[in-house]
Amino acid sequence: MPQNWATFGGDLHLDLAVGGGSRRAGLERALRDAIRAGRLTPGTRLPSTRGLATELGLARNTVSAAYDQLVAEGYLAARHGSGTVVAGLPHPPHPTSPPAPPEAAAPRYDLRPGSPDVSTFPTTAWVRSLRRALATAPASRYDYGAPAGTRELRTVLSEYLGRARGVLASPERIVVTSGYVQALALLAGVVEGQIATEDPGLPFHRELIRRHGRGVAPIPVDRHGVRADLLSTKERAVLVTPAHQYPTGATLAPGRRNSLTEWARATGGLIVEDDYDGEFRYDRQPVGALQGMAPDHVVYIGTASKTLGPALRLAWMVLPAHLVEPVTDAKRYADAHTESLGQLALADLIATHGYDRHVRACRLRYRRRRDLLVARLGRRHPLGGIAAGLHAMITLPAGGPTEGEVLATAADRGLAVGELGSHWHTVGTGAGERPQGIIVGYGTPPERGYLAALDTLARVLRGV
């Protein structure tokens with residue numbers, strides 16, 4: 001019959017009955033199988049014969065004989081003064097496991113966009129907030145949570161978003177999600193019809209929308225942001241990055257903001273505002289969120305991924321009233337609720353202004369990095385999107401090296417950067433007529449490697 005032992009400090013399941021035969025043979029076979037399968041690893045100390053006999057309800061002589069047999073076979077080793085340990089596998093397992101695919105080598109210098117400098121994560125402040133949250137949380141917070149998120153986080157988000165981003169939000173209209181990707185997936189599941197996305201824009205978002213059965217329509221972007229005048233009644237929603245368009249870095253012009261909200265009011269369409277790095281603006285006050293202009297027609301999505309770190313998987317949606325119940329219901333069936341302890345810690349971090357202090361410190365750090373990028377490259381290469389965010393776009397001159405050639409040269413020097421080409425809706429079609437560019441993320445590299453990364457990038461671009 002199946003048995004378990006825990007004498008040596010961990011539980012191990014042994015089925016002594018499989019294969020029949022005596023109890024000694026069953027124990028030998030069970031231990032042999034556990035070693036072959038890797039459930040008992042080399043060097044693991046086994047219980048004493050007396051201890052294991054007591055745990056499994058066997059005679060001590062039965063266990064001693066089984067140990068002696070496995071020692072003779074090379075599976076176990078008896079060490080004087082230290083008991084019996086697993087010696088390893090005398091013969092390779094059959095069938096042989098396929099070798100793991102080799103992992104791509106990390107670049108020496110990483111200037112790809114999409115991530116902050118995670119080495120700046122406020123570990124001390126986060127641990128302090130987590131301790132406070134756990135010390136004061138009622139026992140019910142360790143149970144299943146509300147699909148919309150903890151009341152504590154939604155309440156402080158309501159105040160913070162209104163103060164910092166101009167968002168009009170009551171706690172009842174906020175839904176906390178497990179990252180931005182889940183927020184967009186929930187919306188794609190409840191919004192009917194075709195969804196427009198910026199062109200160029202993040203291809204992952206387009207694919208996510210398609211995988212939820214929605215059509216995707218391209219809406220061009222220029223230096224003033226998305227061309228809202230090209231939206232029609234065919235689109236039921238449009239996904240935009242108005243504070244700092246990704247990847248061009250354009251800020252949506254005031255006239256375009258008005259046109260976009262007018263389209264939503266006239267057609268009943270929905271604006272999905274991705275405010276992924278709205279806290280980071282350097283040359284003037286941050287542009288307020290679009291949501292404040294039309295709260296009944298805009299879904300505002302914010303995230304802790306750029307301010308704190310992607311590992312937290314915490315994001316939030318501020319919804320028009322008519323979408324609160326459908327989205328909450330979709331969240332319930334997606335994963336029941338986002339983990340609660342991180343929500344409580346973030347709520348405390350915001351309420352005690354530790355979050356504000358961290359964002360201000362990061363804003364200064366990223367501005368210095370932006371300034372170094374401009375000083376190193378700005379005189380020779382046109383830089384776009386440098387007023388805000390964590391990335392800039394370098395436009396490549398017509399007739400010069402292509403994006404692919406620049407990326408290949410960079411890779412040869414151990415440098416990774418992003419490229420504009422994959423962000424177009426129709427990759428490859430009409431590529432010769434489109435601007436060529438590379439995207440530089442200055443949030444990703446740690447402080448100690450940033451200047452060397454810029455020097456390498458300058459050498460790569462020297463011939464462009």
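Expressed in nm², what is the orientationally averaged projection area of the convex hull enclosing the Cα positions of the range 375-464?
With the hull built on Cα positions only, its mean projection is 6.1 nm².
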Contact order relative to length of the range 101-217, as percent, for alpha carbon pairs under 8 angstrom and 6 or more apart = 16
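Could you please state how large a percent of the accessible area of the range 286-442 is carbon and sulfur, counting protein chains only and using a 1.4 Å probe?
57
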Zone residues, the range 264-298, relative to E172, backbone N less than 19 Å from point 7 Å out along Cα-to-Cβ = 295-298
Pick the calculated semi-axes √(5λ) of the Cα gyration tensor in Å for this structure from (1) 42, 25, 21; (2) 53, 30, 23; (3) 31, 28, 22?
-> (2)
Would you mind working out the accessible area per residue for the chain, using a 1.4 Å probe, and quoting it in Å²?
-> 46
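How much length is gained if the chain between T155 and K234 is pulled fully straight, taking 0.36 nm per residue apart and subtracting their Cα-Cα distance, in nm to one decimal?
Working: separation 79, 0.36 × 79 = 28.44 nm, distance 3.64 nm.
Between T155 and K234, full extension yields an extra 24.8 nm.
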What is the range 290-368 by shape, rounded, prolate or oblate, if you read a ≥ b ≥ c off the alpha carbon gyration tensor as root eigenvalues and call it rounded for a/c under 1.5, prolate for a/b larger than b/c, and oblate otherwise?
-> oblate
How are the C-alpha pair distances of the range 127-180 spread across 5 Å bins, as whole percents from the shortest bin up?
-> 4, 17, 21, 24, 20, 10, 3
Sticking to Cα atoms, compute the Rg of the range 293-443 to one decimal and its Dmax as the biggest Cα-Cα distance, whole number, in Å.
-> 20.3, 54
In whole percent, what relative contact order does the range 182-330 give with Cα contacts below 8 Å and a gap of six or more residues?
-> 20
If you keep only loop residues by DSSP, which chymotrypsin sites (Phe, Trp or Tyr not before Pro) in the range 123-162 have at most 12 other Cβ atoms within 10 Å of their Cβ?
-> Y144
Candidate cut points under chymotrypsin sites (Phe, Trp or Tyr not before Pro) in the range 217-308, DSSP loop plus at most 15 other Cβ atoms within 10 Å of their own Cβ, are none
Please grab the % of Cα pairs in the range 270-321 that end up more than 17 Å from each other.
-> 41
Per residue, what volume in Å³ does the Cα convex hull of the range 17-57 take up?
-> 74
Computed helical MRE - 222 nm, the chain, DSSP H runs ≥ 4 contributing -39500 (n - 2.57), nearest 500 | -12000 deg cm²/dmol
Rg to Rh for the range 228-281: what is it, with Cα atoms only and Rh by Kirkwood?
-> 0.98
Cα-Cα pairs of the range 233-353 separated by more than 18 Å (percent) = 59
Heavy-atom accessible area with a 1.4 angstrom probe orders M317, M293, M393, most exposed first, as M293, M393, M317
Which whole-number percent is the relative contact order of the chain (Cα, under 8 Å, 6+ apart)?
-> 19
Which length gain, in nm to one decimal place, applies between R50 and A105 when the Cα-Cα distance is subtracted from 0.36 nm times their residue separation?
-> 14.8 nm
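The values are calculated or read from the model by the stated rules, or taken from the named source; none is laboratory data. Just so you know, these numbers come straight off a predicted model, no measurement behind them. We place every Cβ from the backbone using ideal geometry, glycine too, and count neighbours over all the protein chains shown. Ligands, DNA and RNA are stripped out before the accessible areas are found, and what is left, the full protein with its side chains, is counted by its heavy atoms. Shrake-Rupley method; radii C 1.70, N 1.55, O 1.52, S 1.80 Å.
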